[in-house]
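Enquirer: Structure incoming, see below.
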């Protein structure tokens with residue numbers, strides 16, 4: 001009912017508006033999370049930008065070993081506290097959550113310290129290249145009842161989410177295989193190879209779309225620019241139900257490509273992350289097998305041509321979606337699917353791929369513990 005202060009001729013409008021959105025105004029506001037940011041290199045400034053714009057987040061302090069990076073941040077955000085000591089940040093009683101965006105080799109120790117300090121943690125991928133370390137951090141987060149989420153950013157891509165929906169709905173029929181290409185000229189990493197840097201995205205996407213881990217992996221790779229650090233890799237993953245997933249990754253390529261093809265018995269789909277106007281194309285094509293024939297000469301496999309559909313995809317910044325999902329997981333006290341357990345599966349596949357590269361492409365099975 002409208003209050004007496006509302007003129008009578010406005011009351012129908014007031015009642016309608018109150019019915020539609022009134023409950024939203026009465027809903028309690030979500031508590032603000034105060035963040036600390038560890039690492040201000042490649043991804044750190046992007047997290048800083050987002051935390052400054054999200055109404056449920058507050059970035060209080062950022063730390064980095066490079067003073068120039070900190071100076072650059074303070075020019076943009078004058079009120080931001082900065083320093084070089086991560087321990088001081090973790091001991092700040094006002095900080096609820098920590099984002100770890102440092103080089104991969106430092107993730108495990110920083111995340112461990114943050115969880116032990118009672119902080120929720122969002123860590124850039126990879127959480128660790130060692131699956132045992134991932135499981136250790138998963139257990140530590142559960143022990144301290146804290147949210148630990150890993151930034152597999154492509155899992156928050158609107159196109160990838162749409163592909164997941166297509167698979168869950170059976171739009172493609174029986175899925176035969178997936179093929180991913182992730183290439184560019186740089187950036188070239190000195191700390192991890194192209195498999196850990198690039199293929200980790202595709203492995204996370206494969207595991208997410210198929211809701212499974214592969215049974216075995218085979219891969220070939222080569223290093224030219226830095227000894228022992230592969231610049232290129234081709235890998236094939238064998239998933240349950242005879243689904244194959246293949247990926248080509250390289251930071252030594254003249255063309256930037258971010259594509260994924262899914263081939264099913266009914267339809268086929270192409271996702272192109274660089275095509276912002278038409279990121280997904282659905283091809284209503286396939287092969288018809290004549291069910292009845294009298295002899296081998298009459299047996300035919302006939303290509304079937306249909307329409308190509310370009311669905312409208314509402315694009316949102318994946319990193320923003322990721323941070324919002326982390327905040328929601330903290331408030332709901334519910335683990336997000338991109339947690340340390342999921343990260344351990346990605347690390348298990350990376351381990352098998354690396355072992356196969358060292359064995360010149362010989363198939364390597366995944367540990368049985370990872371399949372559980």
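Enquirer: Give all pairs with beta carbons closer than 8 Å in which a residue from segment 321-335 that is touching a residue at least 12 places away in the same chain (Cβ under 8 Å) meets a residue that is exposed (fewer than 14 other Cβ atoms within 10 Å of the Cβ) and outside any helix (DSSP H, G or I); count only pairs at least 6 apart in sequence or on separate chains.
Expert: Partner pairs satisfying both residue conditions: 327/30; 331/30; 331/31; 333/145.
Enquirer: I want to confirm something. Restricting to segment 208-229 and keeping residues that are assigned to a loop (DSSP other than H, G, I, E, B) and without any contact (Cβ under 8 Å) to a residue 40 or more places away in the chain, which single residue is nearest to residue 167 (Cα to Cα)?
Expert: Step one: list which residues in segment 208-229 are assigned to a loop (DSSP other than H, G, I, E, B), which gives 211-215, 223-225, 227-228.
Remaining after also requiring without any contact (Cβ under 8 Å) to a residue 40 or more places away in the chain: 211-212, 223-225, 227-228.
Details: 211: 10, 212: 13, 223: 36, 224: 38, 225: 39, 227: 40, 228: 38 Å.
Among those residues, the one meeting the criterion is 211.
Enquirer: If residue 51 meets every condition in (1) over 25 Å from the mean Cα position of the chain (by Cα); (2) surrounded by 20 or more Cβ atoms within 10 Å (Cβ to Cβ) apart from one, which number is that one?
Expert: In the conditions (1) over 25 Å from the mean Cα position of the chain (by Cα); (2) surrounded by 20 or more Cβ atoms within 10 Å (Cβ to Cβ), residue 51 misses (1) alone.
Every residue, every condition in (1) in contact with a helix residue (DSSP H, G or I) (Cβ under 9 Å, 6 or more places away or on another chain); (2) more than 30 Å from residue 100 (Cβ to Cβ); (3) modelled with pLDDT under 95, yes or no:
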| position | (1), (2), (3) |
| --- | --- |
| 284 | no, yes, yes |
| 288 | no, yes, yes |
| 293 | no, yes, yes |
| 300 | no, yes, yes |
| 306 | no, yes, yes |
| 312 | no, yes, yes |
| 315 | yes, no, yes |
| 318 | yes, no, no |
| 321 | yes, no, no |
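Enquirer: Among (1) under 20 Å from residue 136 (Cα atoms); (2) out of contact with any strand residue (DSSP E or B) (no Cβ under 7 Å at 6 or more places or on another chain); (3) assigned to a helix (DSSP H, G or I), which single condition is residue 320 missing?
Expert: Result: residue 320 passes all but (1).
Enquirer: Could you check how many residues of segment 87-119 are at pLDDT 95 or above, under 25 Å from residue 196 (Cα atoms) and not in a loop (DSSP other than H, G, I, E, B)? Full working, then the answer.
Expert: First, the residues of segment 87-119 that are at pLDDT 95 or above: 87-102, 106-119.
After this cut, where a residue has to be under 25 Å from residue 196 (Cα atoms) as well, the list is 98-102, 106-115.
Filter again for not in a loop (DSSP other than H, G, I, E, B), leaving 98-100, 106-115.
Adding up the residues that qualify gives 13.
Enquirer: Determine, yes or no, whether residue 162 is over 23 Å from residue 313 (Cβ atoms) and surrounded by fewer than 22 Cβ atoms within 10 Å (Cβ to Cβ). Explain how you work it out, then say what you get.
Expert: Working: over 23 Å from residue 313 (Cβ atoms): no; surrounded by fewer than 22 Cβ atoms within 10 Å (Cβ to Cβ): yes.
So residue 162 does not fit the description; no.
Enquirer: Just to be sure before I move on: is residue 7 modelled with pLDDT under 95 and either out of contact with any helix residue (DSSP H, G or I) (no Cβ under 9 Å at 6 or more places or on another chain) or farther than 28 Å from residue 333 by Cβ (or both) in the structure I sent?
Expert: Yes; evaluated as a whole, the condition is true for this residue.
Enquirer: Further, regarding this structure: From the list 160, 205, exactly one residue is assigned to a helix (DSSP H, G or I), in contact with a strand residue (DSSP E or B) (Cβ under 9 Å, 6 or more places away or on another chain), without any contact (Cβ under 8 Å) to a residue 60 or more places away in the chain and within 26 Å of residue 250 (Cα to Cα). Which is it? First the steps, then the outcome.
Expert: Details: 160 fails: without any contact (Cβ under 8 Å) to a residue 60 or more places away in the chain.
After applying the criteria, what remains is 205.
Enquirer: A further question on this structure: Go through (1) within 19 Å of the chain's Cα centre (by Cα); (2) exposed (fewer than 15 other Cβ atoms within 10 Å of the Cβ) for residue 225 and report which single condition fails.
Expert: (1)
Enquirer: Sticking with this one: Provide a single number: the residues in segment 56-79 that are surrounded by fewer than 18 Cβ atoms within 10 Å (Cβ to Cβ), under 21 Å from residue 320 (Cβ atoms) and either over 28 Å from the mean Cα position of the chain (by Cα) or at pLDDT 95 or above (or both).
Expert: Of the residues in segment 56-79, 4 are surrounded by fewer than 18 Cβ atoms within 10 Å (Cβ to Cβ), under 21 Å from residue 320 (Cβ atoms) and either over 28 Å from the mean Cα position of the chain (by Cα) or at pLDDT 95 or above (or both).
Enquirer: Within segment 252-269, is even one residue under 19 Å from residue 126 (Cα atoms) and touching a helix residue (DSSP H, G or I) at 6+ places or on another chain (Cβ under 8 Å)?
Expert: Within segment 252-269 (the criterion being under 19 Å from residue 126 (Cα atoms) and touching a helix residue (DSSP H, G or I) at 6+ places or on another chain (Cβ under 8 Å)), the answer is no, since none of the residues qualifies.
Enquirer: Taking the stated definitions as given, is residue 219 at pLDDT 95 or above and either surrounded by fewer than 22 Cβ atoms within 10 Å (Cβ to Cβ) or under 11 Å from residue 251 (Cβ atoms) (or both)?
Expert: no
Enquirer: Checking the condition outside any strand (DSSP E or B), touching a strand residue (DSSP E or B) at 6+ places or on another chain (Cβ under 6 Å) and modelled with pLDDT of 95 or more, which residue from 270, 274, 260 passes?
Expert: Details: 270 fails: outside any strand (DSSP E or B); 260 fails: outside any strand (DSSP E or B).
Within the list 270, 274, 260, the selection yields 274.
Enquirer: Restricting to segment 328-345, give me the number of residues that are at pLDDT 95 or above, surrounded by 15 or more Cβ atoms within 10 Å (Cβ to Cβ) and closer than 19 Å to residue 158 by Cβ.
Expert: Of the residues in that region, 1 qualify.
Enquirer: I would also like to ask the following. Might you let me know whether segment 352-364 holds any residue that is within 28 Å of residue 144 (Cβ to Cβ) and either out of contact with any strand residue (DSSP E or B) (no Cβ under 8 Å at 6 or more places or on another chain) or at pLDDT 95 or above (or both)?
Expert: Taking every residue of segment 352-364 in turn, none turns out to be within 28 Å of residue 144 (Cβ to Cβ) and either out of contact with any strand residue (DSSP E or B) (no Cβ under 8 Å at 6 or more places or on another chain) or at pLDDT 95 or above (or both).
The values are calculated or read from the model by the stated rules, or taken from the named source; none is laboratory data. What you see is a predicted model; the values in this text were computed from it and never measured. Here the Cβ is made from the backbone with ideal geometry for all residues, glycine too, and neighbour counts use every protein chain on show.
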